[in-house]
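**Q** Right, I'll just put the structure down here and ask away after.
The values are calculated or read from the model by the stated rules, or taken from the named source; none is laboratory data. In this text, all values refer to a predicted model and were calculated from it rather than measured experimentally. Cβ coordinates were reconstructed from backbone atoms using ideal geometry, including for glycine residues, and neighbour counts include every protein chain displayed.
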Amino acid sequence: MVHTAISNARYRGAFISFMIFSVFGTIAFVMWVGTGMIQSGELTMGALTMFVIFSMFVGGTFAGFADMFSQLQKHWGPHKVYGKFYAAKARMWS
């Protein structure tokens, strides 16, 4: 039982780490492409800054979904066990 809990915690941690890495990696890529666009004159510094700030808000929300999903999985497991327990108990009394 403890081994399963530790294994699940590792998977949740890896999932959250992947999501956070993806968000910040994407922001770094956008900054790199945006810097090239500023140097070529296609974009202004203010427009890039505004885009990056809005992207960080969206990215933070996206990373928050990963945490919410892992919490949902963490709490869903015991509910499945309780459901099986109550079903067995109902069969025992009928």
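**Q** Here's a check for you: in the stretch 1-47, which residue that is over 25 Å from the mean Cα position of the chain (by Cα) and of a type in the set (A, V, I, L, M, F, W, C) is modelled with the lowest pLDDT?
**A** The residue in question is Met1.
**Q** Among the residues of the stretch 21-60, write down those that are among the hydroxyl-bearing types (Ser, Thr, Tyr), surrounded by 11 or more Cβ atoms within 10 Å (Cβ to Cβ) and in a helix (DSSP H, G or I). If you could, list the steps in order and put the result at the bottom.
**A** First pass over the stretch 21-60, keeping only residues among the hydroxyl-bearing types (Ser, Thr, Tyr): 22, 26, 35, 40, 44, 49, 55.
Filter again for surrounded by 11 or more Cβ atoms within 10 Å (Cβ to Cβ), leaving 22, 26, 35, 44, 49, 55.
The answer is Ser22, Thr26, Thr35, Thr49, Ser55.
**Q** Could you tell me how many of the residues in the stretch 27-48 are β-branched (Val, Ile, Thr), in contact with a helix residue (DSSP H, G or I) (Cβ under 9 Å, 6 or more places away or on another chain) and over 22 Å from Ile16 (Cα atoms)?
**A** Here the count works out to 3.
**Q** Spot the failing condition for Ile16; the list is (1) of a type in the set (Val, Ile, Thr); (2) surrounded by fewer than 13 Cβ atoms within 10 Å (Cβ to Cβ); (3) under 23 Å from Phe69 (Cβ atoms), and only one is missed.
**A** The failed condition is (2).
**Q** Okay, moving on. For the stretch 76-88, state whether one or more residues are in a helix (DSSP H, G or I), among the charged types (D, E, K, R), at pLDDT below 75 and more than 28 Å from Ile6 (Cα to Cα). Step through it out loud before you land on a result.
**A** First, the residues of the stretch 76-88 that are in a helix (DSSP H, G or I): 76-88.
Adding the requirement that they be among the charged types (D, E, K, R) leaves 80, 84.
Still in the list and also at pLDDT below 75: 80, 84.
Narrowing the set further to residues that are more than 28 Å from Ile6 (Cα to Cα) leaves none.
Checked against the condition, which is being in a helix (DSSP H, G or I), among the charged types (D, E, K, R), at pLDDT below 75 and more than 28 Å from Ile6 (Cα to Cα), the stretch 76-88 yields no hits at all.
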